[in-house]
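Chemist: Questions regarding the structure given below will be posed in turn.
The values are calculated or read from the model by the stated rules, or taken from the named source; none is laboratory data. Quick caveat: nothing in here was measured; it's all calculated off a predicted structure. Neighbour counts are summed over all protein chains in view; Cβ atoms, including those assigned to glycine, are modelled from backbone coordinates with ideal geometry.
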Amino acid sequence: MSGLEQEIKSRQAELTKQFNAGNAAGAAALYNQDCTMIPAGGNQIKGRAGIEALYKQAMVGGATTQGVTEEVNGSGDWAFERGTYQTHAESG
């Protein structure tokens, strides 16, 4: 496993920990300020503040998440992760 892949998987584990603890700010802090996320549905979320807002909304009702990293690539000062995630609401 490359150093980049190890770093991203480590951040994925921390993201899961922060999200499942209900800490939207802590989860969003793992992203760069100028990041882009394309969640299910295909609408781009730009920036850390946008991701924090998305996570806050998803956390309503005690939701939890689990992510799976499927691909990591990068060079120099950029990287991306492609993966899947499942979010489960406490209410079912």
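Chemist: From (1) at negative phi; (2) surrounded by fewer than 16 Cβ atoms within 10 Å (Cβ to Cβ), pick out the condition that doesn't hold for MET59.
Modeler: Result: MET59 fails condition (2) only.
Chemist: Could I ask something else about it? Quick check: is even one residue across segment 29-44 small (Gly, Ala, Ser), in contact with a helix residue (DSSP H, G or I) (Cβ under 6 Å, 6 or more places away or on another chain) and at pLDDT below 95?
Modeler: No, segment 29-44 contains no residue that is small (Gly, Ala, Ser), in contact with a helix residue (DSSP H, G or I) (Cβ under 6 Å, 6 or more places away or on another chain) and at pLDDT below 95.
Chemist: State which residue is surrounded by the fewest Cβ atoms within 10 Å (Cβ to Cβ) when the search covers only segment 16-56 and only residues that are charged (D, E, K, R) and within 12 Å of the chain's Cα centre (by Cα).
Modeler: This residue is LYS17.
Chemist: Determine whether GLY67 is of a type in the set (Gly, Ala, Ser), in contact with a helix residue (DSSP H, G or I) (Cβ under 6 Å, 6 or more places away or on another chain), closer than 21 Å to GLU90 by Cα and at pLDDT below 90.
Modeler: Working: of a type in the set (Gly, Ala, Ser): yes; in contact with a helix residue (DSSP H, G or I) (Cβ under 6 Å, 6 or more places away or on another chain): yes; closer than 21 Å to GLU90 by Cα: yes; at pLDDT below 90: yes.
Here the answer is yes, as GLY67 does meet what is asked.
Chemist: Continuing with this model, one more query. Would you check if GLY47 is on the phi > 0 side of the Ramachandran plot and modelled with pLDDT of 90 or more?
Modeler: Yes; evaluated as a whole, the condition is true for this residue.
Chemist: Another question, then. Considering only residues that are hydrophobic (A, V, I, L, M, F, W, C) and either surrounded by 12 or more Cβ atoms within 10 Å (Cβ to Cβ) or assigned to a helix (DSSP H, G or I) (or both), which ones fall in segment 1-15?
Modeler: Across segment 1-15, the qualifying residues are LEU4, ILE8, ALA13, LEU15.
Chemist: If you don't mind, there's one more thing I want to ask. Condition first: touching a strand residue (DSSP E or B) at 6+ places or on another chain (Cβ under 8 Å) and of a type in the set (A, V, I, L, M, F, W, C). Now tell me which residues in segment 11-33 satisfy that.
Modeler: Selection gives LEU15, PHE19.
Chemist: A follow-up question, please. Out of the residues in segment 40-49 meeting the condition of being small (Gly, Ala, Ser) and part of a loop (DSSP other than H, G, I, E, B), tell me which one is nearest to ALA24 (Cα to Cα).
Modeler: Result: ALA40.
Chemist: Turning to a different aspect of this structure: Of the residues that sit in segment 72-85 and are surrounded by fewer than 10 Cβ atoms within 10 Å (Cβ to Cβ) and outside any loop (DSSP other than H, G, I, E, B), which one is farthest from the chain's Cα centre (by Cα)?
Modeler: Of everything passing the filter in segment 72-85, SER75 is farthest from the chain's Cα centre (by Cα).
Chemist: Which residue pairs have Cβ atoms under 8 Å apart, sit 6 or more places apart or on different chains, and have a first residue in segment 11-29 that is over 11 Å from THR65 (Cα atoms) and a second that is part of a helix (DSSP H, G or I) and basic (Lys, Arg)?
Modeler: Within 8 Å, the pairs are ALA24/LYS56; ALA28/ARG48; ALA29/ARG48.
Chemist: Something else now. Look at GLU52 and say whether it is of a type in the set (D, E, K, R), assigned to a helix (DSSP H, G or I) and either at pLDDT below 95 or touching an Asp or Glu at 6+ places or on another chain (Cβ under 8 Å) (or both).
Modeler: Numbers: of a type in the set (D, E, K, R): yes; assigned to a helix (DSSP H, G or I): yes; either at pLDDT below 95 or touching an Asp or Glu at 6+ places or on another chain (Cβ under 8 Å) (or both): no.
So GLU52 fails the test.
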